[in-house]
């Protein structure tokens, strides 16, 4: 007579394989079939990772020490550092580099180009004077209003060409003395020397004072506030 | 076998794997179907790392790897911070027949996958007890030790699990 009720004894016998579906009837037989399904021999797909897993196990056994201490292998599947941690470390490194570069820039120890770039950036950010421009170059070399002075000197009708050249050189370099201009036809056409003193923009002799004035105004545009005519 | 496995003998590791992996995989499959393979691999690696420290026979070894498996499962769930709240829709019991097996009129043959799926729908405690008792064949005391429960609690959980399964089987039918 097949058992059709699930009492505690039947449950226990079912679990311990003392009862099979054949011994049972009704729904209990279905339950026994379900329990039996869990005990089936291994399917081939259940062992498909055998090679890889056993190889990894062999390495793990080898690398564990014999004195009872276990050496933990690095997890091969993923990076040990999480993505969030990697991002944080990266940001910290960038912030550190930036702080170091800013410190060097404030102290004026960066290479000329970098120092100039930092000084310009600081000025644009409204931090004028915080980072000095490098010596011998950049906007910081010329004091404020130098463009206006150059413009005034160039348009001054009371001085001759060679005097204008000396004056402009003095303004731009801060030196009191300039070499004596060479004696010759060009010395009388002061505009040529004035142009030479301003970077040799014009080598043509015979330029008029107004051309020198334009040149001076141009310099004022490049190096300082616009000149007021 | 265990002695050779401790020395890293590949044949011994293969033997252990073939003996216990299907059981381990079935247990994990019922509890966490999508992650069962990965979790099983982690269990084996952890077992291999601790193999030299392990003392006991093969039955104890089986209990040990299921302790590791359960710990891994708990860690995984804690990490994922989620529980299976949307069970797979119940298929009709008759559709869960294993087509590779000869069909019997009196007893319906159920596929292992279908059985695992049904047990996976039980409350976790009940599923653990039933899976460990049926798949590993461990006795109540051993299962109680693995789960950190009293033997009496394990017996009660086991009975409740079977009754619940029976009800589900009846409903399906």
*asked:* Any residue at all in region B:54-77 that's assigned to a loop (DSSP other than H, G, I, E, B) and within 15 Å of residue A:56 (Cβ to Cβ)?
replied: no
*Among the residues of region B:84-99, is there at least one that is away from every other protein chain (no Cβ under 13 Å), crowded, with 18+ Cβ neighbours inside 10 Å and either at pLDDT 80 or above or not in a helix (DSSP H, G or I) (or both)?*
no
*Can you name the number of the only condition in (1) buried (at least 16 other Cβ atoms within 10 Å of the Cβ); (2) facing another protein chain (nearest Cβ under 9 Å); (3) over 24 Å from residue B:148 (Cα atoms); (4) at pLDDT 90 or above that residue B:45 fails?*
(3)
*asked:* Please determine whether any residue of region B:154-168 is free of Cβ contacts under 8 Å to residues at least 12 places away in the same chain, in a loop (DSSP other than H, G, I, E, B) and facing chain A (nearest Cβ under 10 Å).
replied: no
*Regarding residue B:131, is this residue modelled with pLDDT of 90 or more and farther than 28 Å from residue B:45 by Cα?*
no
_Criterion violated by residue A:51 - all others in (1) touching a helix residue (DSSP H, G or I) at 6+ places or on another chain (Cβ under 7 Å); (2) at pLDDT 85 or above satisfied_ = (1)
*For residues that are more than 7 Å from chain B (Cβ to nearest Cβ) and exposed (fewer than 15 other Cβ atoms within 10 Å of the Cβ), scanning just region A:1-12, find the one that is farthest from the chain's Cα centre (by Cα).*
A:1
*asked:* Among the listed residues A:33, A:42, A:37, A:58, identify the single one that is within 7 Å of chain B (Cβ to nearest Cβ), touching a helix residue (DSSP H, G or I) at 6+ places or on another chain (Cβ under 8 Å) and in contact (Cβ under 8 Å) with a residue 12 or more places away in the chain.
replied: A:33
*asked:* If I ask for residues that are in contact (Cβ under 8 Å) with a residue 40 or more places away in the chain and assigned to a helix (DSSP H, G or I), which ones from region B:29-47 would you list?
replied: B:29, B:30, B:31
*When residues of region B:1-28 are filtered for being at the interface with another protein chain (Cβ under 9 Å from one of its Cβ atoms), free of Cβ contacts under 8 Å to residues at least 60 places away in the same chain and under 19 Å from residue B:128 (Cα atoms), how many remain?*
3
*For residue B:55, indicate whether it is within 18 Å of the chain's Cα centre (by Cα) and either within 14 Å of chain A (Cβ to nearest Cβ) or without any contact (Cβ under 8 Å) to a residue 60 or more places away in the chain (or both).*
no
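The values are calculated or read from the model by the stated rules, or taken from the named source; none is laboratory data. This one's a predicted model, so the numbers in the text were calculated from it and none came from an experiment. In this analysis, Cβ positions are derived from the backbone assuming ideal geometry, glycine residues included, and neighbour counts consider all displayed protein chains.
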